[in-house]
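These notes concern the structure reproduced below.
The values are calculated or read from the model by the stated rules, or taken from the named source; none is laboratory data. Remember, predicted model here, so these are calculated numbers, not experimental data. Please note: Cβ atoms are built from the backbone with ideal geometry, for glycine as well, and neighbour counts cover all protein chains shown.
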Ligand SMILES: Cc1ncc(COP(=O)(O)O)c(C=O)c1O
C-alpha cells in the first residue's frame, strides 16, 4: 500500500485535523454582511491557511464568493496556482531575488512593493522576461507597524517612482494595522490618519488612486470606515475572535478541530506513575486512555497537565507528560470506553468545547499561533 492510501484511510487514522467547510462558508457570509456591496474580500490564506490546509480552504472561499487571496511567500502562491486556483493572489512577503521574481511572473502572482530599490530590481528582472501585460503590484506603506513597507511620509515619491517603472502597474495601495484589537484606539486612529493623508497626497499629485486596503480581522470589526475597497481577513475567516470585545460584532464558527483515536484503555492503581518523568502519579485507582497525538503533531508539550480533551461529549483531564506521538487521559468517569473511539483534542463534541483561545490563554500566546502550530503529519480532512 502506498503512502497516500494510508493517509486517505482516515477512518483509521491515529489523529487528524478536521476542517468544517460549512463553518468557513458561514464566516464568509458573516463578513460579507458587514461590508458595503462594492467592498471585496482578500482572504488571507498564508501559512497553509493558518494551518487549515490552503488548497481546500482557498477553493471553498473562492466558491463562496471571495475574490482575492493573499499568501506570505511565493511557494505558497505556487501551491495554490498548481491546484488550479485562478483568483488574483497577492504575496505579502519580501520579494527581491531573481528566482522569486521569475516565479511571480510565471505563476501569475502579484508582489508587494516596499522600497524603490526593490521595485527597481523587480522592474529590471521582468524586463528580461518581456511579460505580455504589465505586472500588477501592490504598494505597501508603513503607517506605524514598523514592519515591511515604504514610509508613509514618502508615499508620493515612492508612488511616482514605481509608477514610472516600465512593465509595472500599481493595483493597490495598502498598509497594516498594529493595534486594531486594542481597546485603546489611539494608535489605530493615527495609522488611519496617516494612510488617509498618504493616499490624499498621491491623489493630489495627479494620480487616480488604485484599490485601497487597510483592515485585518480586527480592523474589519472596528467598522466600515476601515473597509475601503478591499478587506483582508485572516483569523475571523477561521472562526476566531481577534479580541473579546468583538464577540458581539459578528457570529463566527470555528472551522478547525483536532481529533485522535484512543488506542489503549487501561486500569491503573493508586501510586502508579504515568509517562516520562512521572509528573503524574495516580492518587487513586483510575482508568486511563492513550490518545494517539503528541507534540510532534503540534500539541504543545507545555500543555502537559494543563489541558483537557473531550471523550463522548465529556471533558476529561490530560495526565502525565505529553509525549512526541501520544498522550494519556484520565477517563475514569467514562465506563466501557473502547479502543478506536475518537477524542476531540480541540473543537466541540456535544455541549463541551475546547477552543484555540483556551490553549492560547493557558500558554500565554495568541490563537493565531495555536492554529499555525498543527503539523503536516496530521492530515486535513474536510467535512460538509
Ligand atoms: C498584511 C496582512 N494583512 C492581513 C492579515 C490578516 O490578519 P488577521 O488574521 O488578524 O485578520 C495579516 C496577517 O498577519 C497580514 O500580515
Residue 117 vs (1) surrounded by 15 or more Cβ atoms within 10 Å (Cβ to Cβ); (2) more than 16 Å from the ligand (Cβ to nearest atom); (3) farther than 16 Å from residue 212 by Cα: all pass except (1)
Looking at the range 28-41, is at least one residue closer than 23 Å to residue 169 by Cβ, modelled with pLDDT of 95 or more and in a strand (DSSP E or B)?
-> yes
Residues that are surrounded by fewer than 16 Cβ atoms within 10 Å (Cβ to Cβ) and not in a helix (DSSP H, G or I), drawn from the range 42-66 = 65
Condition broken by residue 383, with the remaining ones in (1) surrounded by 15 or more Cβ atoms within 10 Å (Cβ to Cβ); (2) touching a residue at least 24 places away in the same chain (Cβ under 8 Å); (3) within 23 Å of residue 252 (Cα to Cα) satisfied | (1)
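Would the range 21-41 turn up any residue that is under 21 Å from residue 140 (Cβ atoms) and within 13 Å of the ligand (Cβ to nearest atom)?
yes
Each row is one residue, and each column tells you yes or no for (1) within 16 Å of the ligand (Cβ to nearest atom); (2) surrounded by fewer than 17 Cβ atoms within 10 Å (Cβ to Cβ); (3) at pLDDT below 95.
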{"residue": "228", "(1), (2), (3)": "yes, no, no"}
{"residue": "258", "(1), (2), (3)": "no, no, no"}
{"residue": "262", "(1), (2), (3)": "no, no, no"}
{"residue": "268", "(1), (2), (3)": "no, no, no"}
{"residue": "280", "(1), (2), (3)": "no, no, no"}
{"residue": "291", "(1), (2), (3)": "no, no, no"}
{"residue": "297", "(1), (2), (3)": "no, no, no"}
{"residue": "302", "(1), (2), (3)": "no, yes, no"}
{"residue": "310", "(1), (2), (3)": "no, no, no"}
Test for residue 333: is it under 26 Å from residue 267 (Cβ atoms) and part of a loop (DSSP other than H, G, I, E, B) = yes
Return a yes/no flag: does the range 191-199 have any residue that is surrounded by fewer than 21 Cβ atoms within 10 Å (Cβ to Cβ) and either at pLDDT below 95 or over 26 Å from residue 150 (Cβ atoms) (or both).
-> no
Going by the structure shown, is residue 69 in contact with a strand residue (DSSP E or B) (Cβ under 6 Å, 6 or more places away or on another chain), within 16 Å of the ligand (Cβ to nearest atom), assigned to a helix (DSSP H, G or I) and assigned by TED's automatic domain parsing to the domain that holds residue 103?
-> no
So, of the residues in the range 199-221 that are within 20 Å of the chain's Cα centre (by Cα) and either assigned to a helix (DSSP H, G or I) or not assigned by TED's automatic domain parsing to the domain that holds residue 144 (or both), which turns out to be farthest from the ligand (Cβ to nearest atom)?
-> 221
If you check every pair at least six apart or on different chains, which have Cβ atoms under 7 Å apart with a residue in the range 220-231 that is within 10 Å of residue 36 (Cα to Cα) and in contact (Cβ under 8 Å) with a residue 24 or more places away in the chain first and a residue that is within 15 Å of the ligand (Cβ to nearest atom) and part of a helix (DSSP H, G or I) second?
-> 227/220
Does residue 180 meet the test of being assigned to a helix (DSSP H, G or I), in contact (Cβ under 8 Å) with a residue 12 or more places away in the chain and within 10 Å of the ligand (Cβ to nearest atom)?
-> no
When you look at residue 306, is it under 27 Å from residue 244 (Cα atoms), in contact (Cβ under 8 Å) with a residue 40 or more places away in the chain and not in a strand (DSSP E or B), yes or no?
-> yes
